[in-house]
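I have placed the structure first, in the form of structure tokens, so that the comments after it can refer back to it.
The values are calculated or read from the model by the stated rules, or taken from the named source; none is laboratory data. Please read all numbers here as calculations on a predicted model, not as lab measurements. FYI the Cβ positions are ideal-geometry reconstructions off the backbone, even for glycines, and counts take in every protein chain you see. Note: areas computed on protein heavy atoms with side chains; ligands, DNA, RNA excluded. Shrake-Rupley method; radii C 1.70, N 1.55, O 1.52, S 1.80 Å.
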Amino acid sequence: MAQQSAPVVLEAKDGSTSVAGQLVGFENNIYVLETEDMGRIQISGDNVICTGAICPVIPDAVVAVEPQFGIYGSRTVGTTLIPNLLRGYAESVGATYEIAATEDPAERIVRLINADGSLRAEIDLQTRGSGSAFPALADGYADIGVADRRMKDSDVAKIAAAGIPDLRDSAEETVLGVDGIVMITHPDNPVRNLTSLEIAKIWSGEITNWLELGGGDVPISVNSFGEGSGDRAVMMDALVRPNGRDETVAVTRWSAYQDMVNAVMGDKGGIGFVGRWLARTNDVNLLAIREDCGLLSPPTDFRMKIEGYALSRRLYAYSRPGDIHPEAQAFLDWTLTTPAQAFIKESNFVDRDLERMRLEDMGMMLVHTAAVEPDFDGAQYSDMMRQLRGADRLSVSFRFNTGSSNLDVESIRNVQELAVRMKAGEFDGFEVLLVGFADSVGDRVRNTRLAQNRAEAVRSILAQSLSAADNARLLPISYGELLPLSCNDSEVGRERNRRVEVWLRLPNSRTVSR
């Protein structure tokens, strides 16, 4: 394209030389320059930088992005959940999905193929355990690291050496779903729940027969995983070691999840533990955890969604800040959408879809509140029953970072999702109650006020995204120490009890249409 004559300077990109003249043309990345000493010359734009009033604007070169990226980490997350989510993502973008095994069972190749036959993405999927996710991120082998636990301080140290900051509570921390470790027994075993102390005594060899636990006269056979197993670490750290015990009984160790399940299914005295995603697809008995104060913690979907089950755990994906393959980022973004939830559920993990529960379904929690809690207030309890009877609790909770009034990163996403649902009219006609609860440490009146403040904080965040009419339907209230999810005698239990719940209620009505 011809240019109006004007003075410019073309300088070599390495700074070695420069030439000045009148720019008389620029086409096909070639400068045409009229110089005083050399006359008219042509210079390739690849090698020079143009300075002057009418230098042409050259668009940035389009850099081809290689279609390969890696997903490394947890066996729990990577065995079925990631492949199913990748299949769902492929469908969402009009691509097909294929997965190829390798000689190493921990390594698979997933390919997404566009409708025109071109390769959209080739994913190196490696599942060697949650701990392998973070070195792979640090070394650049993985764009996404997946873990069946939150990253630990030791993981932070591993990625810090590569200049990657702590990814906890950051935009690079994504919760894919929820799962839990469950204690499993033979389906004919009549025992339906155990305390953590009873489990600890089984693992230490102090209880050796089911007759001691209300079952039949059958010797107990204990199944476990290797000492490097993440599932074993979760179970031991939550149930056995807090009771001053360790795995000192003779155990049968397994390396494969299904082998553990098969062993328990084939042994009337067997007990073991696996992820609920696998247990629920096999004929085994899933035990509830009976807490010391009498509360039961069953491994139900609703209980796991509100993170009220004793061994529930979030399933995480982590990525490098500002340095992630665009297709990998698009995939992560898609996992948080409504269509993705069907693939999470298909994988037998707990999805983000909302469930409802009524107050009268909370049986033991209501009884415990009235009969056990030492600082019980009858008037407050009566008001709670009056306000929440006829309302439905949603399977979402808002939790705060320890010792602060700041929502954790998953709760921020939950607030945003609730706002989207309200704006879409999903809860039209309902009052939306934001109900704050607290632990029982300290003064009851003060705890009620703290829980009210947190309910008000959630309302303030929601208000930023909602219309005045929707804001008018938000009602923050507090019932302090009432309705504990867990016993208040441990920090873990107290943390579960500090939350803000969401309840739906028809105005001036005690019944809810379903």
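Can we say A370 is outside any loop (DSSP other than H, G, I, E, B) and at pLDDT 90 or above?
no
What do you reckon, is D155 among the acidic types (D, E), within 18 Å of A317 (Cβ to Cβ) and touching a helix residue (DSSP H, G or I) at 6+ places or on another chain (Cβ under 7 Å)?
yes
How many residues are in contact (Cβ under 8 Å) with a residue 40 or more places away in the chain, out of contact with any Phe, Trp or Tyr (no Cβ under 8 Å at 6 or more places or on another chain) and of a type outside the set (A, V, I, L, M, F, W, C) when one looks only at segment 444-483?
Counting residues in segment 444-483 that are in contact (Cβ under 8 Å) with a residue 40 or more places away in the chain, out of contact with any Phe, Trp or Tyr (no Cβ under 8 Å at 6 or more places or on another chain) and of a type outside the set (A, V, I, L, M, F, W, C) gives 6.
For the structure I just gave you, tell me whether P7 is of a type outside the set (D, E), touching a residue at least 24 places away in the same chain (Cβ under 8 Å) and not in a loop (DSSP other than H, G, I, E, B).
Yes; evaluated as a whole, the condition is true for this residue.
Scan (1) of a type outside the set (K, R); (2) more than 22 Å from A391 (Cα to Cα); (3) open to solvent by 30 Å² or more (accessible area, probe 1.4 Å) for the single condition L475 breaks and write down its number.
(2)
Taking segment 227-240 as the region of interest, how many residues are open to solvent by 30 Å² or more (accessible area, probe 1.4 Å) and either part of a loop (DSSP other than H, G, I, E, B) or under 23 Å from D188 (Cα atoms) (or both)?
Matching residues across segment 227-240 total 2.
When you scan segment 67-122, how many residues do you find that are assigned to a helix (DSSP H, G or I) and among the small types (G, A, S)?
Here the count works out to 4.
Any idea which of (1) outside any loop (DSSP other than H, G, I, E, B); (2) touching a residue at least 60 places away in the same chain (Cβ under 8 Å); (3) open to solvent by 10 Å² or more (accessible area, probe 1.4 Å); (4) farther than 30 Å from D292 by Cβ is the one P507 doesn't satisfy?
Result: P507 fails condition (1) only.
I'd like the full set of residues that are touching a Phe, Trp or Tyr at 6+ places or on another chain (Cβ under 8 Å), basic (K, R) and not in a loop (DSSP other than H, G, I, E, B), limited to segment 494-504.
R499
Just checking, which of P299, P321 is under 25 Å from Q416 (Cα atoms), more than 16 Å from the chain's Cα centre (by Cα) and not in a strand (DSSP E or B)?
The match here is P321.
Being part of a helix (DSSP H, G or I), surrounded by 15 or more Cβ atoms within 10 Å (Cβ to Cβ) and in contact (Cβ under 8 Å) with a residue 12 or more places away in the chain is the filter here; which residues of segment 331-360 pass it?
Within segment 331-360, F331, L332, W334, T335, A340, Q341, F343, I344, E346, L359 qualify.
Between a first residue in segment 95-112 that is among the basic types (K, R) and a second residue that is open to solvent by less than 80 Å² (accessible area, probe 1.4 Å) and modelled with pLDDT of 95 or more, which pairs have beta carbons less than 6 Å apart while being 6 or more apart in sequence or on different chains?
R108/I99; R108/L125; R111/E122
Hey, could you check segment 241-295 for residues that are of a type in the set (D, E, K, R) and in a strand (DSSP E or B) and say which is most open to solvent (accessible area, probe 1.4 Å)?
Checking each candidate, the answer is R253.
Has segment 197-209 got at least one residue that is within 27 Å of R352 (Cα to Cα), outside any loop (DSSP other than H, G, I, E, B) and open to solvent by less than 40 Å² (accessible area, probe 1.4 Å)?
no
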